[in-house]
1. Name the residue from 93, 230, 206 whose Cα lies farthest towards the positive end of the charge dipole of the stretch 48-420, charges +1 on Cβ of Lys and Arg and -1 on Cβ of Asp and Glu.
2. Can you compute the FRET efficiency between residue 177 and residue 230 using 1/(1 + (r/R0)^6), with r the Cβ-Cβ distance and R0 = 30 Å? Round to the nearest 0.05.
3. If you work out semi-axes √(5λ) of the Cα gyration tensor in Å from the coordinates, which of (1) 44, 29, 19; (2) 32, 22, 20; (3) 28, 26, 22 do you get?
4. Counting only other residues whose beta carbon sits under 10 Å from that of residue 420, what net charge do I get with K and R as +1, D and E as -1?
5. Summing Lys, Arg as +1 and Asp, Glu as -1, what charge do residues with Cβ under 9 Å from the Cβ of residue 100 carry, residue 100 excluded?
6. From the helices alone, meaning DSSP H stretches of at least four residues, give me the mean residue ellipticity at 222 nm for the chain, per-run term -39500 (n - 2.57), in deg cm²/dmol to the nearest 500.
7. Of 156, 120, 361, which has the largest mean-square fluctuation in a 10 Å C-alpha GNM of the chain?
8. Quick one: net charge around residue 182, please, counting Lys, Arg +1 and Asp, Glu -1 for every other residue with C-beta under 12 Å from its C-beta.
Amino acid sequence: MRLWLAGVAAPVLIWTALAGAPASAQGHPHADHHAHAAPAALVPAPDAALSARIDAVVDRAIADQRLVGAVVLVARDGKLVYHRAAGLADREAKAPMREDAVFRLASVTKPFVSVAIMRLAEEGKLSLADPVTKWLPDFKPALADGSTPVITLGQLLSHTAGLTYGLAEKSDHPYHRLGVSDGLDISGLTLDEDVARIGKGPLAFAPGSAWRYSLAIDVLGLVAEKADGHPLPQVVARTVTGPLGLKDAGFQATNPARLATPYANASPAPTRIADNQDVSLGATAVRMAPSRAVDPTAFPSGGAGMVGTASDVLALLEAVRTGGGGVLSAASVKAMTTDQAGIKAATQGPGWGFGYGWAVLDDPAIAKTPQGAGTLAWGGVYGHNWFVDPQARLTVVLLTNTAFEGMNGQVTRELRDAVYGR
């Protein structure tokens, strides 16, 4: 399956499926780190057959040196049927992966911030019909003819606004000439400065006429600050992570010792990612700076700047799957899980559209996936992938420290199939 990378305007092989989860500590055949308690939010309900299938996938990915380490969670009907920490959190230090490892979430940030935007809409602080200029008067990116069309907050939230991502564009693109940050590097910019630079770049198409993965959620992060009157980290804490009781999800690592060390796939083994390293995406590259997670001067990127645990991600996704989980209204969840872009967007390959915060599966047959219609999915460039299948009542989270295998590699497809018993 073809997917869109955390910021890829042109399709790249990104993450076809998902499926991971640390198997239950009870009776697990591997040492790993089941000794750490299972995520507290869900009651463990081990599934031995499922565990055997997923263990084989994870073990093979680590043995083949496609992954350094991973935490995988699978919930079915609100019960934790598989949970496992595998491999190493820091290869050089020989530190084993732990289930409470904190990861740089990259684009797994987007669901948190998208939910925060929907909460602000519920509170009447903003409307998805608002033009972005209501909140950011100077944000007026232009089309090729020089015109500056109206862009709504809803178009930003669904990536139909006409923006793009620097990591999706070659070095001669205006975003690079303007010094736009994708929210993954150390740039020295403030959020206001970065959004101002995005606004000076060109639109790829007329707003509402097409879909392109983009820096739109970074722009919405600044809108959230203006509408709420507080910095984005405070907005997300008040509206999302606080109500869900998430202690580690945020824009700075509160316990840096638990941060998983990030690696980039290479031969014969993944290499440790250095600050502001350009990790190749073929014709383009993504600039990553691991120290951003502990840099208090780094601006809060609404599209890529959060850290958190696999349990944090699972809690958010389960809240959505169950209709809002006390964080959102059922109406907001319905809007977020409805395809806003159309099947033609092919956001993760044929058959996939896009809602507010994630891809939405319109046609499993066209997509050639065992996932049910209405499945939500996305991932992140540091090596993450997740999906929620409402029909199967499944929520699957795979967080790894290996880019890009954990986002769009062989492991994602094999894990998805293992979850469905294929």
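The numbers here are math on the coordinates, done by the rules we state, and not lab data. Quick caveat: nothing in here was measured; it's all calculated off a predicted structure. Virtual Cβ from ideal backbone geometry, glycine too; neighbours counted across all protein chains shown.
1. Comparing the listed Cα positions along the dipole, 93 ranks first.
2. In this case the efficiency is close to 0.35.
3. Entry (2).
4. Surrounding charge for residue 420 is +1.
5. 0
6. Rounded to the nearest 500, the figure is -7000 deg cm²/dmol.
7. Looking only at 156, 120, 361, the largest GNM fluctuation is found for 120.
8. Summing Lys and Arg as +1 and Asp and Glu as -1 gives -2.
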